[in-house]
Every structure is written in C-alpha cells, then in structure tokens.
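Down below is the structure, laid out as structure tokens.
The values are calculated or read from the model by the stated rules, or taken from the named source; none is laboratory data. Predicted, not measured: the structure shown is a model, and the values here were computed from it. When we count neighbours, we look across all protein chains shown, and the Cβ atoms used for this are built from the backbone with ideal geometry, even at glycine.
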Amino acid sequence: MRELLSEPLSPKPGLGEQLLDERKISVFDCYQCRKCSAGCPLTFAMDFYPHEIIRLTALGQEDLVLESNTIWVCASCQTCTTRCPNDIDIAAVMDYLKERAIATHRSIPQKNVATFHQVFLDDVRLSGGRLHEALLLRMYTSRSGGAMAKLVNGTFMGDLKLGFELFRKGRLRLKPPQRVRDIDEFMELFKKAKVWGE
Amino acid sequence: MKVSYYPGCSLESTARDYAESIQGIARWLDIQLEEIDDWSCCGATAAHSLNEFLALALPTRNLLLAEAVGLDVVVPCALCFNRLKSAEKVLLGPEAAQFESRYLTHIAQVNGLETGAQSEEPIKNRIYQGKIKIWDLLDYLTQEAVLSRITAKIKRPLKGLKTVCYYGCLVARPPRVTDAQQCEDPTNMDRLVEVLGAQAYPWSYKTDCCGAGLAVSRPDIIDTLVQRLYEHALEAEAECIVVSCQMCQANLDMVQSRISHKFGKHYYLPVLYFTELIGLALGHPGVRTWLKRHFVNPFPLLMRKGLLD
Ligand code: SF4
Ligand code: SF4
C-alpha cells in the first residue's frame, strides 16, 4: 500500500455512498483503529489491509479497491466484522466490492478464486439444486486455465491424486445429486445472478 | 427428540464420514433426524462472494421448506448454518419486506402469477415467520438433556486422549448473525470432550480461520494458515484435533502430508469429528468405517491409547 500511495489521494464521492445506499453499511463510521486488520488472519496475503480497504472505499478509490488482491483473498472468516467497535460489516464490504468488480468488468488479480466461486454456482445450477462435488473438481480444473502449466508444476497430479484418494475412501460420489422438484422456480432465482461474463 | 435435518451438499459426498457418524449416534441417542424434503444448496461462500441476492435467496428457499415442516432444524455444516442464519436475520429484520418482494417476484413470475397487487395473497402465504429455531449440530448435541443421555450411555471413556477443540469461524461469527453467546471463546465442544472422558487443552486458536474457502483456489494460503494451527495444537500438547465442521476437517486432514512435506516436518495430528468421538465413547460399531475414510490415519493413535482394538 505504501508504495502504491506515494502520491496524495484525491477523495471522490461515490463508492462509499453507494455502499451505504445499497447495503446499509457505513464505511464513514470508521475511525481507523485498525482492530480489523490486527485480528485478520489473512493479512500476509493481502496488498491492502482491511482498515485500508475501508478507508479507500470511503475515499471513493474504486480503481485501488476493486482491483485489489485483498477482496479475493479475504476468507470471509468474520473476525473483523465481529470486532469492529463501530459495527461496520467489513466482510460484507469485501463481498460488495467483489460483486462490483465483476459487474464492472475489472481486471481481477485473483482469477482462480473468482473462477472457483463461479464454477461452484454453475455446478449448483447445472446439477439442479445441490452441489455435485465430483463435477466441481473437474469443471474447476478445466476452467481455471493453464492446464499445461498445471501439468508442469504438478498441481494437476496433486488434484488427480486427491480425487483418486477421495474415491478410494468412498468419499467422491459420482452419482449426481437429487434435483429439486420445481426446477423452473429454482432456476428463476439464478436469473438474477448473472454474475459471470461468459 | 425429533428435529428437521439440513445436511448440506458435502455431507452427501466428501463428508460421508461425518454424515454416517451423525446418523449413527443420533439413532443411539434416540434423536430422530428428519431430512428436509427437496432441500437445495445454501449457496456457500460462492454465492455471498458474487451475488447478494442469491446468497440470501438460496438459504431462504430452505428455510421456507423447513418452516413448512414446523420442526426446529439442525445443521451440521458451519457454512450452511451461517448462511441459513444470515437469511433468517434478513427475513425477520427491517429489510424483510424489500427482500421478500424481490424473492417472491421471481417465484411468482415463474408460476405465472401477476406480480404486484393481485399476487399479494399467494405471496403472503410464503413469508417466513421465524417460528423454528436453526441449530448448529454441536449446540444441539451439547444441550444438557443430550449430554446427560450421552453420559448415561458411555461404554468406553476416552481416558488419556489429549485433544484441542477447533470450532472454526462460522458457527460463532458474527454473533449478530449466529446468536452465539461466546463467539471469541466457545466452550461447548471442550465440555463435551471432557464428558466423554478425554482431555481438552486450552489454546488460543479455537476460532481462528483455516481458510477452507480458498482450499482449491489458493492452496498456498491454506498451507500457511493450517501449519500455524498444527504448531499451536502441538504447543498445547494435543495429539489430535477435534472439529465440528466438515470443511475444517477436510482442510486440516487432507493436506497434512502436503504441509509436512512443504515445511520439512512430520506432522501427525488426526482430525476427528466430535460425533466420531461420541461414537467411540458409546462403543458404536460404525466408528471404524467412519475413521477409515480419513486421510490422516487415526488408528495408530487410538490403538496406542487403548480406545480401539
Ligand atoms: S475495526 Fe472498524 S473502526 Fe476500526 S479500523 Fe477497522 S473498520 Fe475502522
Ligand atoms: S473476514 Fe476477511 S478481512 Fe475480515 S478478518 Fe476475515 S479474512 Fe480478514
């Protein structure tokens, strides 16, 4: 963050106000006590700390927050939200920013994380209501791209071995899960959720 | 005791050990688990990361099914529990009307109903009343009444088994969603473990995140988080880790050999479901089958302790 912000920022109205309007979360209540960041177990993998995301959101710095690693490596563990003295739902801010990053076609530095979430929802939709885990692994491996790179660096073998071990232990059900009965009604819920670009 | 049961997707597949142990001990404790008919996925981390509406709509569908049955609903998965509770809070909170009309507009459209004034009637019928309680399985099984049933049925106390209890994130946090009384320092699993005759050691990591949601997409992050948990479990002098969530279990169990390899240190910490420990103490014959499905083989430890033959 420090290197990124060597120049003073000019605050822009917009992002923080929209968050307040759409999700009833006020990042303007933050007084930068940093309790959220102090308790966050994922800071080692983040480019901005959680309190910095909150501040930058309040200052309307869309480019910085929407293209940050932080929003994608946040594990939604809810520690920050639980401890914030001003009751700011920081984890929900992260969710809002992820949703917005996709909706506004931002470049996403953590492609694999985003792809995994999308594949998960695709799986639930295609399977008719319940997640088919065996399908999830296959779809993710093919969609997360770089199949060649994966072959070379061994991740692919790792995935394969894991899948095989699960199967051997009777924990990878190949049979598709039961579909919900009123499938049209169920699909209707998904129509609102056109979050993937393809 | 009879309750509704919402197993969630992974209990039908990768968490089969957990599912079997739950069914096994429930029967022995005279608890009737009635699986909710036609349940669907809660949306998990994927939905709340990508689409707020879906993140509430998917659990809402299940809550409506559960309320129609009318019994309290028990949920073994921490993430499902958290999502159902999140939807409950919205459905019973100040935003309820707004969310419901969005939800029901969708359903109404597909059922050929007019949206707006004419459709008020069918819509009203489906509003969630909040008459049922959503239980986390651990909370449910550590009620006084259940604990005393367990105590009465113990055949083989788990003497000498040194454990730390790992609760994970989402059953506890955030308390305004989960209604957890002790979100920073839950104690009900520790208490259960001691009732079963084992030792539950204190440690500061019982609700620290293991990062399960990133297990597939960022395994490197998991290695750091989970190795930290192993180290602190060992520092607390535990020989195994007890969990109440299948994502925690998978995340701590499946990658133990990878982490050992990566950090050049051999970790041996079996990761056991609290329900498996109950089964073990009650002398349930299914225990061996459940434990065989784990990655880190718990048999050497349990045999050394004289808890399995
Ligand atoms: S804990 Fe709350 S008030 Fe403190 S820095 Fe974080 S968001 Fe701001
Ligand atoms: S929810 Fe995200 S930002 Fe908050 S403490 Fe957990 S990982 Fe950090």
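When restricted to residues that are facing chain A (nearest Cβ under 10 Å) and crowded, with 20+ Cβ neighbours inside 10 Å, the stretch B:21-51 contains 13. Residue-level check: of (1) part of a helix (DSSP H, G or I); (2) more than 8 Å from ligand 2 (Cβ to nearest atom), A:PHE48 misses just (1). Within the stretch A:72-108, which residues are away from ligand 1 (no atom under 16 Å from the Cβ) and β-branched (Val, Ile, Thr)? Listed by number, the residues that qualify are A:VAL73, A:ILE102, A:THR104, A:ILE108.
Please enumerate the residues belonging to the stretch A:51-77 that are touching a Lys or Arg at 6+ places or on another chain (Cβ under 7 Å), within 11 Å of ligand 2 (Cβ to nearest atom) and away from chain B (no Cβ under 14 Å). Answer for the stretch A:51-77, where residues must be touching a Lys or Arg at 6+ places or on another chain (Cβ under 7 Å), within 11 Å of ligand 2 (Cβ to nearest atom) and away from chain B (no Cβ under 14 Å): just A:HIS51. If the condition is being modelled with pLDDT of 95 or more and touching a Pro at 6+ places or on another chain (Cβ under 9 Å), then the stretch B:181-194 contributes only B:ASP190. Residues of the stretch A:31-61 that are within 15 Å of ligand 1 (Cβ to nearest atom), surrounded by 14 or more Cβ atoms within 10 Å (Cβ to Cβ) and farther than 30 Å from B:LEU229 by Cβ: A:ARG55, A:LEU56, A:THR57, A:ALA58, A:LEU59.
Flag set for B:LEU54, criterion: closer than 20 Å to B:VAL90 by Cβ, within 14 Å of another protein chain (Cβ to nearest Cβ) and in a helix (DSSP H, G or I). Any idea which of (1) touching a residue at least 12 places away in the same chain (Cβ under 8 Å); (2) assigned by TED's automatic domain parsing to the domain that holds A:ALA92; (3) more than 16 Å from ligand 1 (Cβ to nearest atom) is the one A:LEU9 doesn't satisfy? A:LEU9 satisfies every listed condition except (2).
Pull up the stretch A:78-92, narrow it to residues that are near ligand 2 (Cβ under 6 Å from one of its atoms) and touching a Gly at 6+ places or on another chain (Cβ under 8 Å), then point me to the one that is farthest from the other protein chains (Cβ to nearest Cβ). Only one residue tops the list, namely A:CYS80. Listed by position, the strands (runs of 3 or more DSSP E) enclosed by the stretch B:134-251 that each have at least 2 residues that are β-branched (Val, Ile, Thr), within 14 Å of the chain's Cα centre (by Cα) and away from every other protein chain (no Cβ under 12 Å) are B:240-243.
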